[in-house]
Every structure is written in C-alpha cells, then in structure tokens.
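Working notes for the structure below.
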Amino acid sequence: MQIVRTPAALTAAVEAWRRDGKRVAFVPTMGALHAGHLALVAEGLARADIVTASIFVNPRQFAPGEDLSRYPRDEAGDAAKLAAAGCSLLYAPDLAAMYPSGFASFVRVGGLPDVLCGAVRPGHFDGVATVVTKLLAAARADFAIFGEKDWQQLAIVKRMAADLDLGTEIIGAPIVRDADGLALSSRNLYLAPADRARALALPKALVDARTQLHTGEPLAAVLAEGSLALARAGFARVDYFELVDGETLATLAAPAPGARLMAAGVVGKTRLIDNMEV
Ligand code: PAF
C-alpha cells in the first residue's frame with residue numbers, strides 16, 4: 001500500500017488509475033481504525049477496482065475543550081489494517097498540507113447542521129464539510145464511503161456533494177456493532193469498563209423505542225421513555241432522543257417511511273451517538 005502526504009500526490013495516483021479505466025473508491029477517516037472502518041473499505045472494494053483511504057484528525061471539526069488533543073492516533077497500526085483489508089493507497093497529510101498558511105475558505109451546508117449534534121457542537125459540521133470537500137476534491141473518486149453511525153454527517157455530505165457537483169457518489173455503509181450491540185466507534189477506546197456497560201443502554205433504548213413504535217405506542221411517550229432510559233442507566237447527559245426524516249433530518253410527529261431514530265449522550269466524559277431505522 002502506497003502512502004502519500006500531499007493532495008497533489010493523491011490526485012496524481014488516482015488519475016493514473018482512472019486513465020487505466022479503474023473505478024476508485026475513497027474512505028475518509030480520522031484513524032484509530034476499527035472493524036467499522038474496515039467494513040467501509042470492504043464496501044469500497046465491492047463497488048470499485050481500487051480503494052483509497054485517508055487519515056487526518058481534522059482540528060476544524062473539534063470545538064475548544066473537545067477531545068482533539070487526546071484523540072487516539074496510531075498511523076502505523078492503521079496503515080497495517082488498511083493494507084490487510086485491501087486498500088491500495090493511504091493519504092495521510094499533515095496539518096500544513098491540509099491547511100497551508102493563508103488558508104481562508106470554509107464550506108457550510110445550510111440547515112442540516114443546525115439540529116441534533118450540530119445544535120450541541122456548533123461549527124462541528126462546518127469543519128467536517130470543509131475537510132470533506134478538500135478530501136473529495138483531491139481524491140477524485142467515483143465513490144466515497146461513509147459510516148451510517150454518524151447519520152447526520154452522511155446526510156450533510158450527501159447534500160453537499162449534490163449541491164456542489166463534486167462528482168463523487170456518496171455511499172452510506174451500515175453501522176457495525178459489537179456482539180453486545182454497542183456501535184463501534186474510535187471513542188469507545190475512552191470508555192472505562194463501568195462506562196462501557198452503561199453505554200449499552202444507548203442501542204438498547206433505540207431497539208426498545210423501535211419496538212414500541214411498531215406496536216403503535218404514541219411517539220412522544222416513546223421518545224421520552226428513551227431519554228429516561230439513558231438517564232436511568234447513568235448517562236451524564238442526554239443530548240437528544242428523536243425521530244427524524246432520514247434525508248432532511250426534520251423532526252417527525254409520527255413514524256413515516258425513511259424515518260430514523262437518533263440519539264446522543266455522554267457517558268463518563270465520552271460523547272456517544274447512535275441511530276436506527278424504524
Ligand atoms: O467521520 C469521520 O471520521 C470524520 O468526520 C471525517 C468524515 C473523516 C472528516 O474528518
């Protein structure tokens with residue numbers, strides 16, 4: 001597996017494959033790779049001849065006081081996992097390659113970033129939109145694969161790629177869960193054993209809410225019970241427990257086709273997100 005560190009080197013490698021008639025997929029990540037990321041690589045291999053990936057811990061999507069400085073980093077370990085999964089190229093730029101001095105642009109998608117996680121993390125999705133635009137512009141891929149665990153991010157990136165004619169098809173790949181139901185996340189590494197046990201309330205509350213909606217219980221009561229279940233399990237904070245339209249992220253007053261249950265909260269010091277189709 002080749003490792004490149006500048007946008008120009010990434011573009012040159014991908015253009016060479018494309019000139020040979022190869023279809024290319026791209027998997028953007030912040031590293032600390034787990035089986036969920038490797039499933040994105042597998043999804044890329046199912047759709048394209050070549051899979052490329054990036055690792056860049058993007059400071060612009062962390063607010064002051066968030067976990068930027070302690071975000072787990074292990075480029076050598078990540079590179080070995082990507083190579084074993086069949087990835088052909090890793091783009092791992094440093095800060096100066098991504099944001100050279102004088103960098104002055106940012107990308108903001110309207111509306112979608114204002115709700116759910118965006119309401120709790122102002123500016124977060126502007127940082128994501130900016131870096132993903134840069135990554136997609138340099139990666140020139142036919143497909144870019146994002147995990148459905150960050151459903152809001154996926155909805156924003158899809159909107160942005162369509163609005164800006166970015167020329168890359170955005171694909172969502174299903175959440176990968178541990179055997180006990182917890183969605184895989186690089187941030188699960190922060191969880192002490194007692195907090196990890198508490199965190200299981202998150203997927204359980206979503207499954208319970210989905211079951212209650214299927215049996216016709218009133219939405220408001222189901223959502224209130226979901227939030228309460230997290231608080232009872234020892235979540236330090238529940239940011240939201242909502243039913244939204246999967247594309248527009250608009251709050252729904254009743255289950256509808258494409259509806260998604262979305263939840264986020266803090267266990268110990270770790271903020272976790274999860275979501276489920278209804
Ligand atoms: O989901 C992530 O890991 C990041 O938000 C992304 C898409 C790589 C942008 O930094």
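The values are calculated or read from the model by the stated rules, or taken from the named source; none is laboratory data. Only a predicted model underlies this, so the values are computations on that prediction, with no experimental measurement involved. Note: ideal-geometry Cβ built from the backbone for every residue, glycine included; neighbour counts use all protein chains shown.
Details
- From the options 170, 156, residue that is more than 9 Å from the ligand (Cβ to nearest atom), under 19 Å from residue 260 (Cβ atoms) and out of contact with any strand residue (DSSP E or B) (no Cβ under 9 Å at 6 or more places or on another chain): 156
- Of 242, 225, all but one fail to be surrounded by fewer than 18 Cβ atoms within 10 Å (Cβ to Cβ) and of a type outside the set (Val, Ile, Thr); the exception is 225.
- The lone exception for residue 119 - which of (1) surrounded by fewer than 20 Cβ atoms within 10 Å (Cβ to Cβ); (2) within 12 Å of the ligand (Cβ to nearest atom); (3) among the aliphatic types (A, V, I, L, M) it fails: (2)
- Residue 88 out of contact with any Pro (no Cβ under 7 Å at 6 or more places or on another chain), in contact (Cβ under 8 Å) with a residue 12 or more places away in the chain, of a type in the set (Ser, Thr, Tyr) and farther than 17 Å from residue 132 by Cα: yes
- Residue 103 passes every criterion in (1) within 11 Å of the ligand (Cβ to nearest atom); (2) aromatic (Phe, Trp, Tyr); (3) free of Cβ contacts under 8 Å to residues at least 24 places away in the same chain apart from (1).
- Flag if residue 258 is surrounded by fewer than 16 Cβ atoms within 10 Å (Cβ to Cβ), small (Gly, Ala, Ser) and closer than 30 Å to residue 68 by Cβ: no
- Pairs where the first residue, in the stretch 14-35, is within 16 Å of the ligand (Cβ to nearest atom) and part of a helix (DSSP H, G or I) and the second is at pLDDT 95 or above and of a type outside the set (Asp, Glu), C-beta under 8 Å, 6+ apart: 35/176; 35/184
- The number of residues in the stretch 36-69 that are in contact (Cβ under 8 Å) with a residue 40 or more places away in the chain, of a type in the set (D, E, K, R) and more than 10 Å from the ligand (Cβ to nearest atom) comes to 4.
- Evaluated against (1) buried (at least 18 other Cβ atoms within 10 Å of the Cβ); (2) closer than 20 Å to residue 150 by Cβ; (3) over 17 Å from the mean Cα position of the chain (by Cα), residue 106 falls short on exactly one condition, (1).
- Here residue 74 does not qualify as farther than 23 Å from residue 23 by Cα, within 14 Å of the ligand (Cβ to nearest atom) and of a type outside the set (Ser, Thr, Tyr).
- Matching entry among 76, 96, 104, 48 (being in contact with a strand residue (DSSP E or B) (Cβ under 9 Å, 6 or more places away or on another chain) and at pLDDT 95 or above): 48
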